Amino acid sequence: MTKFLIVDDEKLIRAGILKFLSDAYENDVEFFEAKNGLEALEICNTHFPDVMLTDIRMPVMDGVELMSKVSKLERKPAIIVLSGFDDFSYAKAAIENGASSYILKPVDSQELLRVVDKALSGIRRDIKQKNEQKFRSFIKEGHLSEDIAQDIAEFAKKGMYCVSICSAGCNCMKPDFLDGITHYVIEQKKGFISFIVSKDLLEKVISHPSLANCALGVSLLSTSVSDLRPLHHQSFCALLTKFFVPEQKGVFRYSEDRGHPDFTDYDVIYDKIIANLDLLNEDEVRKAVQKFLKFDSIETDYPDEFLYYAYYKITTGLFSRYPKFTTGETYLYSKSLMIENISAVSSLEEWKKYVLEYILYLLQLLKNQQGKYSYITTALKYIKDHFSQDITMATVANFVSMNYTWFSEKFKEQMGVNFNDYLKRFRMEQAKHLLEKGTYKVYEVAEKCGFKDVKHFMKSFREMNGMSAGEYGRLYSR
């Protein structure tokens, strides 16, 4: 519903404006009247009008003071000034206080209709942008704001799809195929757009002639805003299907029979990448990355799910683990943008190349960094040689002859995690290596890796790896 507030000390003028607007906007509108600024301010605080049309010269509180106070409100209306005073100072005051238009009396009906339409378009645009921002926050954080607009919920109830589109040949920055179509953009960058569209308009969008050379991923149908996150995932996964088919354009639809892929093996390989980065082991890093990106060897009908998972692990896990390198080093930052923009690459091999280049360059930076901080290198070697013993940060700090507090700060600064987390992760990685040999009992592995309490080891192993140490040994023992 659109709410209008008409503010003028002359009753006949208010009545005339109300009659004109009620005839022009017949459906879903509500009108409020005020004879001075004080009454109008109270209405703004209680009824939250969308558009306020106000005079300047009024008793009690004039239009300039009213606009000044309204401009400070959290929920403020679009302001249209109707004044009989052709004075620059009034126009200037109106503009400074956020008025969208300034019209002289007597009011021309066509001009009034034009400025009101303009104000309403701006309101709809602002509401749409705010809702899109809520959608994006929901996708990123997983929390749906309670104050999400009712009209969005109603939109979803009618049935909606998420569509992701990419192509160097598509002008996705100014998508004319969405002109006149109610939609909500949830992600947009060069050569890529992802948006929500209603069920009844889907076919009109995806059959638009300008998309003939594009790849489109279409999600399943949903009637709930809370499904926005999976819908976005589905459309993006469907879009990634283009890398596994001969023809890399057309409409790719997410199928209902996919089930839930098991990414346990992928998590294990990813952990190896991270562990060997910390250990500066280039050969093992290279092997782990190549294995992580070997999608053609996966026994599945939907390799796009595994590609999406690898993309997610790299862009949300690896990038955030070394933030000062990813954002602060020009070459690495440019590579991260190429990796993030996976939908725009010409082939999957090109994307894999970017990933490997990024990780190997990161490894070199880590090596250079530890060369500058020799005590960190010494500390890491000490951990590698003594992890099976009862060592603490105090032990290592004393070994490298550094103040405990200073060492703690510098270790976290250089390694990205605190000392205890690093030691625990290192010990877990060594435990995996022993379990993979298949020759040790779980309690023996715990003891050899520095865990005094086998129950604590088993609990920690499950928390970090999603399975018990025994299950891991049975799955991965050679």
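Under the classification rounded if a/c is under 1.5, otherwise prolate if a/b is larger than b/c and oblate if not, where does the range 2-121 fall, given a ≥ b ≥ c as square roots of the Cα gyration tensor eigenvalues? Rounded, since a/c falls under 1.5.
Which one of Val115, Leu363, Ile342 is farthest out on the positive end of the charge dipole of the chain, using unit charges on Cβ (Lys, Arg +1; Asp, Glu -1) and the Cα centre as origin? So the residue furthest toward the plus end is Leu363. Compute the label zone of Thr182 within the range 210-245: residues whose backbone N is under 17 Å from the point 7 Å along Cα-to-Cβ. Those under the cut-off are 222-226. With respect to the chain, whose longest principal axis is taken over its alpha-carbon atoms, helix 419-437 is tilted by about 60°. For the range 264-372, relative contact order (Cα pairs under 8 Å, six or more residues apart, normalised by length) works out to 26 percent.
Exposed loop sites here mean GluC sites (Glu not before Pro) with a DSSP loop assignment and at most 14 other beta-carbon atoms within 10 Å; the chain contains its longest site-free run at 300-478. Each Lys and Arg contributes +1 and each Asp and Glu -1, all at the Cβ; summed about the Cα centre of the chain, the dipole is approximately 1920 debye. The simple spin-label model puts a point 7 Å past each Cα toward its Cβ; for Glu299 and Thr46 those points are separated by 7.2 nm. Remark: the Lys118-Glu349 segment gains 78.3 nm on full extension, using 0.36 nm per residue and subtracting the alpha carbon distance. Diffusion coefficient (Stokes-Einstein, Kirkwood radius over C-alpha pairs, 25 °C, 0.890 mPa s) for the chain: 90 µm²/s, rounded to a whole number.
Roughly speaking, what is the centre-to-centre gap between the range 348-400 and the range 202-280 when only Cα atoms are used, to the nearest Å? Comparing the Cα centres of the range 348-400 and the range 202-280, I get a distance of 34 Å. Shape class of the range 363-412 from the Cα gyration tensor (axes a ≥ b ≥ c, square roots of the eigenvalues): oblate, since a/c reaches 1.5 or more and a/b does not exceed b/c. Based on the reciprocal of the average 1/r between different C-alpha atoms, the Kirkwood radius for the range 394-435 equals 11.1 Å. Here r is the Cβ-Cβ distance between Ser334 and Val29 and R0 is 60 Å; the resulting FRET efficiency, rounded to 0.05, is 0.70. Our summary of shape: the Cα atoms of the range 193-259 have principal axis extents of 33, 28, 19 Å, ordered from largest down, in whole angstrom. Fully extending the segment from Arg75 to Tyr309 would add 80.1 nm, taking 0.36 nm per residue of separation and subtracting the current Cα-Cα distance. In this rough spin-label picture, where each label sits 7 Å from Cα along the Cβ direction, the Phe244-Leu18 distance is 6.4 nm.
Taken over the Cα atoms of the range 374-476, the convex hull encloses 97 Å³ per residue.
Between Val454 and Thr378, the simple spin-label model (points 7 angstrom out along Cα→Cβ) gives 3.8 nm. The trypsin sites (Lys or Arg not before Pro) found in the range 170-263 that occupy coil by DSSP, while having at most 14 further C-beta atoms within 10 Å, are Lys190.
Along the axis of the charge dipole computed for the chain (Cβ charges of +1 for Lys and Arg, -1 for Asp and Glu, origin at the Cα centre), the listed residues Phe426, His233, Thr316 are led at the positive end by Phe426.
Please work out whether the range 264-372 counts as rounded, prolate or oblate from its C-alpha gyration tensor, where a ≥ b ≥ c are the square roots of the eigenvalues and a/c under 1.5 means rounded, while otherwise a/b larger than b/c means prolate and anything else oblate? In terms of gyration-tensor shape, oblate.
With respect to the chain, whose longest principal axis is taken over its alpha-carbon atoms, helix 109-141 is tilted by about 20°. In this structure, the pairs whose alpha-carbon distance is over 24 Å, taken from Lys19/Lys118; Lys287/Lys335; Lys189/Lys335; Lys335/Lys410; Lys324/Lys452, are Lys335/Lys410; Lys324/Lys452.
None of the figures in this text is laboratory data; all of them are computed from the coordinates on show. Remember, predicted model here, so these are calculated numbers, not experimental data. Positions of Cβ are generated from backbone atoms using ideal geometry, with glycine treated the same way; all protein chains shown enter the neighbour counts.
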